[in-house]
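Reading through the structure tokens given below for one structure.
The values are calculated or read from the model by the stated rules, or taken from the named source; none is laboratory data. All of these numbers come straight from a predicted model, not from anything done at the bench. Note that we place each Cβ from the backbone using ideal geometry, even for glycine, and neighbour counts take in every protein chain shown.
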Amino acid sequence: MNAPDYHIPGSAAVAPAADAGPDEMASARTVNEVLAQSQVESVLDELERDLVGLAPIKQRIRDIAALLVIDKLRINLGLAAEAPSLHMCFTGNPGTGKTTVALRMAEILHRLGYVRKGHLVAVTRDDLVGQYIGHTAPKTREVLKKAMGGVLFIDEAYYLYRPENERDYGQEAIEILLQVMENQRDDLVVILAGYKDRMDTFFKSNPGLSSRIAHHLDFPDYAVDELSQIAQRMLTQQHYHFGDGAEDVFRDYLERRIGQPHFANARSVRNALDRARLRQASRLFSERDRVLDKADLTTLVPADLLASRVFQNPSS
């Protein structure tokens, strides 16, 4: 019996073309012309500006963008008709910028005409795998249909494969993904994400998936200096700032917290600042008769940070 056809409706069946100004894009003969027409450099600049550190990741994204720009020029001269394989694997701990980079990658691909929409659909195993026979294929196909024309980001992708459970249906989702990644790669880019060691094991057990991944990007943990910069940016965006001595206290917090369980880089920084804002609000709320000025409402003081249990339990 022939294998089922998992072609997903709505995908492009021709060589990719840019949505905005395809005639202009097709006439480009220099790198600068492609950059000007696609405005992809603005996305790269945003990536550089919005993400602290991650120099190797930023360079790799620029390299991929360069490949796509040159390939666009080749297509314009009739030297290539098939889109390159752009499926990727992002490995690293939580809070290291994987989803942010995936969003920017989707925008780059769209601006250069490699996907029609440039949206990101982020899913986990639960969105793809059913709990009974006949449920997985429709769920997976529906997700793929939504992702067509953009990027499908599968977080903790290794949970799709559970060989210890004979009744698990994750393998069915993997088989559908394999076919679509191969046959419809001109209109869908798949990014698999998760912890590096688990992804390595996952690929060893699923060589078909591994062979379809063209780009592997490993996201390192942030250093304390970088986490401190991230905190400053988050505060600025929310119209807060550290008062006298508070920044030093927060660095001390980071140095203690970074080695503790469940630390999640930028995500943990955001959570810590949210709790500091909560303590600030409680502190100001208790002074009901005092007139609060702008400085009061925007300043985090050392006490707002020192109340963290990280300081209360130094041995943890």
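Answer yes or no as to whether residue 171 is under 24 Å from residue 211 (Cβ atoms), free of Cβ contacts under 8 Å to residues at least 12 places away in the same chain and over 21 Å from the mean Cα position of the chain (by Cα). Yes: the conditions hold for residue 171. All of 60, 125, 74, 111 fail the test of being within 22 Å of residue 173 (Cα to Cα) and among the basic types (Lys, Arg), apart from 125. A count restricted to segment 19-34 and to residues that are more than 30 Å from the chain's Cα centre (by Cα), modelled with pLDDT under 70 and surrounded by 13 or more Cβ atoms within 10 Å (Cβ to Cβ) stands at 1. The set of residues in segment 274-305 that are out of contact with any Leu (no Cβ under 7 Å at 6 or more places or on another chain), surrounded by fewer than 15 Cβ atoms within 10 Å (Cβ to Cβ) and of a type in the set (A, V, I, L, M) comprises 278, 281, 291, 295, 297.
Pairs, please: C-beta under 7 Å, at least 6 apart or cross-chain, first residue closer than 18 Å to residue 274 by Cα and in segment 288-314, second hydroxyl-bearing (Ser, Thr, Tyr) and not in a helix (DSSP H, G or I)? Close Cβ pairs (under 7 Å, with a partner that is hydroxyl-bearing (Ser, Thr, Tyr) and not in a helix (DSSP H, G or I)) amount to 298/240; 300/240. Condition check: of a type outside the set (Asp, Glu) and either buried (at least 20 other Cβ atoms within 10 Å of the Cβ) or assigned by the TED database to the domain that holds residue 267 (or both). Does residue 217 satisfy that? So residue 217 passes the test. Being of a type in the set (S, T, N, Q) and touching a helix residue (DSSP H, G or I) at 6+ places or on another chain (Cβ under 8 Å) is the filter; apply it to segment 174-226 and report the residue that is modelled with the highest pLDDT. Step by step, filter segment 174-226, then rank; the result is 201.
Take the residues of segment 120-155 that are free of Cβ contacts under 8 Å to residues at least 40 places away in the same chain, closer than 24 Å to residue 195 by Cα and not in a strand (DSSP E or B): which is nearest to the chain's Cα centre (by Cα)? Filtering first and then ranking leaves 124. When the test is whether a residue is surrounded by 16 or more Cβ atoms within 10 Å (Cβ to Cβ) and under 30 Å from residue 54 (Cα atoms), residue 271 does not pass it.
Having 1 or more residues that are over 32 Å from the mean Cα position of the chain (by Cα) is the bar; report the helices (runs of 4 or more DSSP H) wholly within segment 228-299 that clear it.
Per the criteria, 266-285, 294-298.
Residues of segment 175-225 that are among the aliphatic types (A, V, I, L, M), assigned to a strand (DSSP E or B) and farther than 18 Å from residue 128 by Cβ: 217 alone.
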